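Encoded as structure tokens, the structure appears first; notes follow it.
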Amino acid sequence: MKTTRKNLNFMIGLMLTLFISLTAKALSLLPGLMIIGPLVLALLLGMVVRSLFQVKKKYAVGVDFSSKYLLRLGIILLGLRLHLGDIYHAGLTVFMLALICLLLGILGVYGLSRLFGVGKKIGLLTAFGTGICGAAAIVALAPQLKANKEEVSTSVAVIAVLGTFFTIVYTFIYSILQLTPIEYGQFVGATLHEIAHVIAASDIGGSNAVDMAIIVKLTRVMLLIPVAFVLGLLIRSKAATNEGEKASLPMPWFIIGFLAMSGLNTLDVLPEMVVHVLVNSSAIFLAMAMAGFGLNVNIKNLLQRGKSAFIAGLIGSVVLSMLGYFLVRFFAN
């Protein structure tokens, strides 16, 4: 009887995150909310549900299953969106553009975060979200940092607001940037945060701008793998210097799964319909994970802890946009 009750509570918690994720997906189809994207909407909806309703602790096991295990599965399946051949054919220029902007985004935002007194973990996660690929990078690298749910949620919320703001700004200044559609796509893909932001902002430049923006963005997504590897080495090295503390693995195994899925997609060994189903499943799993994070967020603490991180991310994102623009113009000449 007790086991049956536990299983029921688990399913209720799990279904709650599924309901929030599907609601977020539906809302993301609306014109005004399309910029934000389903992942961030799922996080925000989870926070709203927690604020308006008292979600019972006995359902936490199902909620935590989504934010932990479905998160890893979603990231693994996300690799099927990445075709390594597209990145290869885009050339060295695109790779260098993505790499330089990634490094500046990470180092710049983290440095500013520490300058403004932001906690180390929130600062790093906000920097990863800025430099690599928004919420996906944050939730992928958080386990290595042993970041808690509020630290992850704070970082994702900061990136959500920043990415949405810059997407709107890019749309308004498109006509005065004096970039070709291809160059504008490079600029957007190299400097914006979420894939949803990249697609929304590049749409004004036409299909060529969108295609190029996605390629540059996916190059940054690919660089998540070496970043995770380097981060793991740094953590292991630090742990090894502490007596009696076991060193961490160089990188989380689900990142290897992400790379394996990318390889399968590149080799074109899976039927197109299977890839389509798995990629859509990835989006649902990641949204359920974000809903789980949102259900664990204390909004009062979020506002207190996120203010300095937002300022650091804002300044870092402005600098990143300026550098990205000048790099695109430099490579074009």
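Return the residue satisfying two criteria in turn: it lies in region 73-95 and is in contact (Cβ under 8 Å) with a residue 24 or more places away in the chain and over 18 Å from Leu264 (Cα atoms), and of such residues it is surrounded by the most Cβ atoms within 10 Å (Cβ to Cβ).
Filtering region 73-95 for residues that are in contact (Cβ under 8 Å) with a residue 24 or more places away in the chain and over 18 Å from Leu264 (Cα atoms), the one surrounded by the most Cβ atoms within 10 Å (Cβ to Cβ) comes out as Val94.
Tally time: how many residues in region 183-205 are at pLDDT 90 or above and in a helix (DSSP H, G or I)?
9
Filter region 140-164 down to residues that are surrounded by fewer than 24 Cβ atoms within 10 Å (Cβ to Cβ) and out of contact with any Leu (no Cβ under 8 Å at 6 or more places or on another chain) and give me whichever is nearest to Ile204 (Cα to Cα).
Among residues in region 140-164 that are surrounded by fewer than 24 Cβ atoms within 10 Å (Cβ to Cβ) and out of contact with any Leu (no Cβ under 8 Å at 6 or more places or on another chain), the one nearest to Ile204 (Cα to Cα) is Thr164.
For the subset of region 225-278 comprising residues that are modelled with pLDDT under 85 and charged (D, E, K, R), which member is nearest to the chain's Cα centre (by Cα)?
Here the answer is Arg236.
Can you tell me which residue in region 36-61 is nearest to the chain's Cα centre (by Cα), limited to those that are buried (at least 24 other Cβ atoms within 10 Å of the Cβ) and among the small types (Gly, Ala, Ser)?
Applying the filter and picking the extreme gives Gly37.
Does at least one position in region 167-179 carry a residue that is under 22 Å from Ala309 (Cβ atoms), within 15 Å of the chain's Cα centre (by Cα), hydrophobic (A, V, I, L, M, F, W, C) and in a helix (DSSP H, G or I)?
no
Give Thr171, Thr191 a once-over and let me know the one that is touching a residue at least 60 places away in the same chain (Cβ under 8 Å) and among the polar types (S, T, N, Q).
Within the list Thr171, Thr191, the selection yields Thr191.
Tell me the residue from Ala42, Ala98 that is more than 14 Å from Ile284 (Cα to Cα) and either at pLDDT below 85 or touching a Ser or Thr at 6+ places or on another chain (Cβ under 8 Å) (or both), please.
One residue alone meets the criteria, Ala98.
Just the residues that are closer than 14 Å to His193 by Cα and part of a loop (DSSP other than H, G, I, E, B), please, taken from region 29-47.
The answer is Ile35, Ile36, Gly37.
Just wondering, is there one or more residues in region 281-295 that are exposed (fewer than 14 other Cβ atoms within 10 Å of the Cβ) and either at pLDDT 85 or above or over 30 Å from Leu179 (Cβ atoms) (or both)?
No, that holds for no residue.
On the given criteria, is Gly85 more than 15 Å from the chain's Cα centre (by Cα), more than 18 Å from Ile256 (Cβ to Cβ), of a type outside the set (A, V, I, L, M) and part of a helix (DSSP H, G or I)?
In short, yes.
When region 203-231 is examined, which residues are found to be of a type outside the set (A, V, I, L, M), touching a residue at least 12 places away in the same chain (Cβ under 8 Å) and surrounded by fewer than 20 Cβ atoms within 10 Å (Cβ to Cβ)?
Matches in region 203-231: Gly206, Asn208, Asp211, Phe229.
Hey, Arg220 hits all of (1) part of a helix (DSSP H, G or I); (2) at pLDDT below 80; (3) of a type outside the set (Val, Ile, Thr) but one; which does it fall short on?
(2)
Among the residues of region 145-154, is any over 14 Å from the mean Cα position of the chain (by Cα), in a loop (DSSP other than H, G, I, E, B) and on the phi < 0 side of the Ramachandran plot?
yes
Hey, any hits in region 42-61 for a residue that's closer than 21 Å to Ser202 by Cα and among the charged types (D, E, K, R)?
Checked against the condition, which is being closer than 21 Å to Ser202 by Cα and among the charged types (D, E, K, R), region 42-61 yields no hits at all.
What do you reckon, is Ala312 crowded, with 22+ Cβ neighbours inside 10 Å, in contact with a Phe, Trp or Tyr (Cβ under 8 Å, 6 or more places away or on another chain) and either closer than 23 Å to Ala24 by Cα or modelled with pLDDT of 85 or more (or both)?
yes
Within region 107-121, work out how many residues are assigned to a helix (DSSP H, G or I) and surrounded by 24 or more Cβ atoms within 10 Å (Cβ to Cβ).
Counting residues in region 107-121 that are assigned to a helix (DSSP H, G or I) and surrounded by 24 or more Cβ atoms within 10 Å (Cβ to Cβ) gives 2.
The values are calculated or read from the model by the stated rules, or taken from the named source; none is laboratory data. Keep in mind that what you see is a predicted model, and the values were worked out from it rather than measured. Glycine gets a Cβ as well: all are built from the backbone with ideal geometry, and neighbour counts include every protein chain shown.
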